[in-house]
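Participant: Can you read through this structure? Questions will come right after.
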Amino acid sequence: MKNQSSRRRFLQLTVGGVIGLSIGSKLLVKPVHAAELPHLSIDDPQAKALSYVNESTKGGSNCNSCMLIEGDASAAWRPCKIFPGKLVNAKGWCSAYAPKPA
Ligand code: SF4
């Protein structure tokens, strides 16, 4: 009798835990869209270290033509592999600039 009660309690806790984890993960894990990321500030320490600017003065060399930029090519601000969690200006530039292969 006690064995059946323990088994029932174990199943109740297990099923409840699985349901709770499923609901909790859906509520807590929210995908971050690029548009929600903050713009990289030129005052950011990593930006300063790489001489990042929002407006390139290097002719055709800018974030748009860099192989490290990601995301929607038509967006004015886009993710960059060098500055995770921030968006860089498509017209910007930094010293990590690497031209896209022709
Ligand atoms: S590495 Fe520098 S130049 Fe290239 S996209 Fe990122 S910020 Fe722009």
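Participant: Quick one: which residues, 5+ away or cross-chain, put their amide H under 5 Å from the amide H of residue 39? H built at 1.01 Å from N.
Facilitator: 87
Participant: Grab the Cα-Cα distance for residue 41 and residue 75, subtract it from 0.36 nm times how many residues apart they are, and report the gain in nm with one decimal. Could the numbers behind the result be given before it?
Facilitator: Values: separation 34, 0.36 × 34 = 12.24 nm, distance 1.74 nm.
Extra length from residue 41 to residue 75 when fully extended: 10.5 nm.
The numbers here are math on the coordinates, done by the rules we state, and not lab data. What you see is a predicted model, and the numbers here were worked out from it, not measured in a lab.
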